[in-house]
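The values are calculated or read from the model by the stated rules, or taken from the named source; none is laboratory data. Keep in mind that what you see is a predicted model, and the values were worked out from it rather than measured. Every residue, glycine among them, receives a Cβ derived from its backbone with ideal geometry; neighbour counts consider all protein chains shown. Ligands, DNA and RNA are stripped out before the accessible areas are found, and what is left, the full protein with its side chains, is counted by its heavy atoms. Shrake-Rupley method; radii C 1.70, N 1.55, O 1.52, S 1.80 Å.
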Protein chains: 2
Amino acid sequence: MGFSNLDQEDLKELSRRTGQACVGFNLRKASRLLMRLYDEAFEPLGLKGTQFSLLMAVVGNNGAAIGELAQPLGMERSTLSRNITVLQKKGLVTVEEGEDRRQQRISITDSGVSVLQKAQPLWQGVQERLACELGEERIKNLLEDLKSLSQLFKGK
Amino acid sequence: MGFSNLDQEDLKELSRRTGQACVGFNLRKASRLLMRLYDEAFEPLGLKGTQFSLLMAVVGNNGAAIGELAQPLGMERSTLSRNITVLQKKGLVTVEEGEDRRQQRISITDSGVSVLQKAQPLWQGVQERLACELGEERIKNLLEDLKSLSQLFKGK
DNA sequence: TATCAATGTGTGTATATACTTATATTAAAG
DNA sequence: CTTTAATATAAGTATATACACACATTGATA
C-alpha cells in the first residue's frame, strides 16, 4: 500500500515496530553490550572477547589453514587472516606455510596455551553470571536458537 | 584444579565445549552470518543492514542528539558519532547544532525517508524468510531472550 | 609440457565498534 | 563574575568485519 502519505507519527510507529521485531538489530545490540562484558573480564590478560574465541578455535583445530578455520567460524577468510595477525603479533599463535605452499597453517604457542588457561576461569565467570541473571534454561534455549540461525547459512 | 598437564586432546575438548557453550561466540557468529543476509537484501539501495537499523532509529527519535540516540541503541557515543557521519555523507540525515551548542541534533532528510520506504519491504522479506525457516515461535522466543540479555546492561 | 582454470591468502577500501583523550560549552561554586 | 566541575561531541588509535581484487600456487587440459 505504499508510504506516500506517511507523517512523522507514522514513521515513529514504523520505527518502533521495526526495532522490536528486527532480529538483526536485536542480535547486534545484545552482541555489542555483551562483548563489552567479555572484554572487561579478559582485560587483565590484554585480551578481547573476540580474541579469546579465536584462540579457542585455533586450539581446537591446531595446524588448520585459514580457510579451514574460517568455515566453522562463519567468518570471511580475509577477516580471519587479519584477526590471526593480531594474535600472531601478541605471540599467541604461529603461522607456517603448509605442504601446499598456498596455505598458512595456524598453531597455538606455549604462551597461547598459557593465556588460554588463565582466560578460561574468567570466561567461566561471565558464563555463570549470565546463567545466574538469565537462568540456565533461557541460556540453553538462546544457544539453541542461535545455532539454528547459524545453521541456515551452512552452505555459504 | 589447574591445567598444568593439559595435552592436545584435552585442549581440543576444552575448545569444543567452550565453543558450544559460549553465548558471546554464538551470538557473534550468528550476527556475522545474518548481517550478510541483510546487507545482500539492502544492496540495491546501497545500504548496509546496520545503516538501515540506524536510520530507523533516527526516524524514531527525530531531532535527538548523539547521546540520546546512543542510549537506546546500546552503542558508544563515539561509535554512533562516526556511524551518523556515514549516513550524513549519503545525504540521509542532517546534523545540526542544538540550542545547547554542545549537542548535535540528528534528523532524517526527505531522501532518507524515501530510502527507508524502499528499504522497508526488503527488510520485511528477510524477516519473513527467517520466520519461515526458523518458525514464528522460535523467532519470538529469540527476540525475547535477546531483549532480556540487553536489559541486563540497562544501567551502563 | 605449456596453458589455463581453480584455489588459498593477503591487500585495498570502507564500515562498525570501543576506549582514551582533547575540545568546546554549559552549569555550579566561590 | 571568575574559576571549576560536568557534559556533549569529535578525533586518535586499535580491532572486527566484509567485499573486490591481486598474487602465488596447484591442478587440469590440450
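Shown here for the stretch A:66-108: trypsin sites (Lys or Arg not before Pro) in loop regions (DSSP other than H, G, I, E, B) with at most 10 other Cβ atoms within 10 Å, namely A:101, A:102.
What FRET efficiency, computed as 1/(1 + (r/R0)^6) with R0 = 22 Å and r the Cβ-Cβ distance, is obtained for residue B:71 and residue A:9, rounded to the nearest 0.05? Between residue B:71 and residue A:9 the formula returns 0.50. Computed over chain A, relative contact order equals 19 percent, with contacts defined as Cα pairs under 8 Å that lie 6+ residues apart. Per-residue surface analysis assigns residue A:78 an accessible area of about 70 Å², computed on protein heavy atoms at 1.4 Å probe radius.
Stretching the chain fully between residue A:120 and residue A:78 yields a gain of 12.4 nm (0.36 nm per residue, less the alpha carbon separation). A point 7 Å from Cα along Cα→Cβ stands in for residue B:9, and the other copies hold the same point at 7.0 nm, listed in rising order.
Working note: Debye formula, equal point scatterers on the alpha-carbon atoms of the protein assembly as shown, no solvent; log10 I(q)/I(0) at q = 0.12, 0.13 Å⁻¹ is -0.88, -1.01. Using only the alpha-carbon atoms, how far is helix A:8-21 inclined from the longest principal axis of chain A? Give it as 0 to 90 degrees, nearest 10. So the helix axis and the longest Cα principal axis differ by about 40 degrees.
The mean accessible area for residues of the stretch B:1-140, using a 1.4 Å probe and ignoring ligands and nucleic acids, is 53 Å² per residue. Under a Gaussian network description of chain A, with springs only between Cα atoms under 10 Å, the residue in A:12, A:140, A:29 that fluctuates furthest is A:12.
Pairs from the table (B:48/B:89; A:12/A:48; A:90/B:48; A:48/B:29) lying more than 25 angstrom apart at Cα are A:12/A:48; A:90/B:48. Calculated from the alpha-carbon coordinates, the stretch B:34-151 shows an Rg and a Dmax of 15.5, 49 Å respectively. Counting only the Cα atoms, the stretch A:77-127 fills a convex hull of 98 Å³ per residue. Measure off 7 Å from each Cα along the Cα-to-Cβ vector at residue B:140 and residue A:62, then give the distance between these two points in nanometres to one decimal. Output for this residue pair reads 4.8 nm.
Across the stretch B:138-154, coupling constants 3J(HN,Hα) worked out from phi with the 6.51/-1.76/1.60 Karplus curve, θ = phi - 60°, read 5, 4, 4, 5, 4, 4, 4, 5, 5, 5, 4, 4, 4, 4, 4, 9, 3 Hz, and Gly and Pro carry x.
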